[in-house]
1. Of (1) touching a helix residue (DSSP H, G or I) at 6+ places or on another chain (Cβ under 8 Å); (2) closer than 22 Å to V49 by Cβ, P88 satisfies all except one. Which?
2. Has the stretch 33-54 got any residue that is modelled with pLDDT under 95 and within 12 Å of the chain's Cα centre (by Cα)?
3. Which of the residues spanning the stretch 48-61 are surrounded by fewer than 24 Cβ atoms within 10 Å (Cβ to Cβ) and either more than 12 Å from T74 (Cα to Cα) or among the charged types (D, E, K, R) (or both)?
4. Residues in the stretch 35-49: is at least one assigned to a helix (DSSP H, G or I), over 22 Å from Q122 (Cβ atoms), free of Cβ contacts under 8 Å to residues at least 60 places away in the same chain and charged (D, E, K, R)?
5. How do the pairs read when you match residues in the stretch 104-133 that are free of Cβ contacts under 8 Å to residues at least 60 places away in the same chain with residues anywhere that are among the polar types (S, T, N, Q), using Cβ under 8 Å and keeping only pairs 6 or more apart or on different chains?
6. Going by what's in this entry, would T99 be described as closer than 22 Å to Y5 by Cα, of a type in the set (S, T, Y) and surrounded by 14 or more Cβ atoms within 10 Å (Cβ to Cβ)?
7. Taking the stretch 100-118 only, how many residues are part of a helix (DSSP H, G or I), hydrophobic (A, V, I, L, M, F, W, C) and more than 17 Å from the chain's Cα centre (by Cα)?
8. Can you pull out every residue in the stretch 26-47 that is of a type in the set (D, E, K, R) and either surrounded by fewer than 19 Cβ atoms within 10 Å (Cβ to Cβ) or at positive phi (or both)?
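The values are calculated or read from the model by the stated rules, or taken from the named source; none is laboratory data. Treat the numbers as computed from the prediction; the structure is a model and nothing was measured. Quick reminder, even Gly has a Cβ in these numbers, built from the backbone with ideal geometry, and neighbours come from all protein chains shown.
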Amino acid sequence: MLDIYRIRTRIQEIRKRVLELEKNYKEITKERFVKDSRLTAAAERNLQVATQACIDIANHIVATLGFDRPVEETSEVFNTLGNEGIIPESFVNTMKKMTGYRNILVHGYLIVDPNKTYDYIQNNMEDFSIFAKHIEKFIGKIEKKLPR
């Protein structure tokens, strides 16, 4: 059975991390961000956790509802959400790119470019909100079907 509490908890975590990134990093200069390793490390961690929460939500939905499970790449789970109409097909690549950047943060940590992290924060925070809204719409439909 779909664990709506689990999904909502992760959506809250996504929003918390995005708020942290927007509050602390949107207004600082790229030069300051790139030079301060404490800023970049904290930002990278917030991006990693927010993205992982998206991945966790997608994996939970796919596994619980018995959809075709991707086996090659972590990001392929978003193909399934797109195929099932949970997120728009046009948004799948956005989520796959997000997962790719998370993979760099986790596995390619020696080559993370703080300039790219800064740019990501400046230009891609809305993607998390868009994902959360699609998931909330989906679980809203599920909740309507549940017995009261």
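1. (2)
2. The answer is no, given that none of the residues of the stretch 33-54 is modelled with pLDDT under 95 and within 12 Å of the chain's Cα centre (by Cα).
3. Q48, V49, A53, D56, H60, I61
4. no
5. Final answer for the pair search is V106/Q48; D127/T94; I130/T94.
6. No; evaluated as a whole, the condition is false for this residue.
7. Counting residues in the stretch 100-118 that are part of a helix (DSSP H, G or I), hydrophobic (A, V, I, L, M, F, W, C) and more than 17 Å from the chain's Cα centre (by Cα) gives 2.
8. Answer for the stretch 26-47, where residues must be of a type in the set (D, E, K, R) and either surrounded by fewer than 19 Cβ atoms within 10 Å (Cβ to Cβ) or at positive phi (or both): K26, E27, K30, E31, R32, K35, D36, R38, R45.
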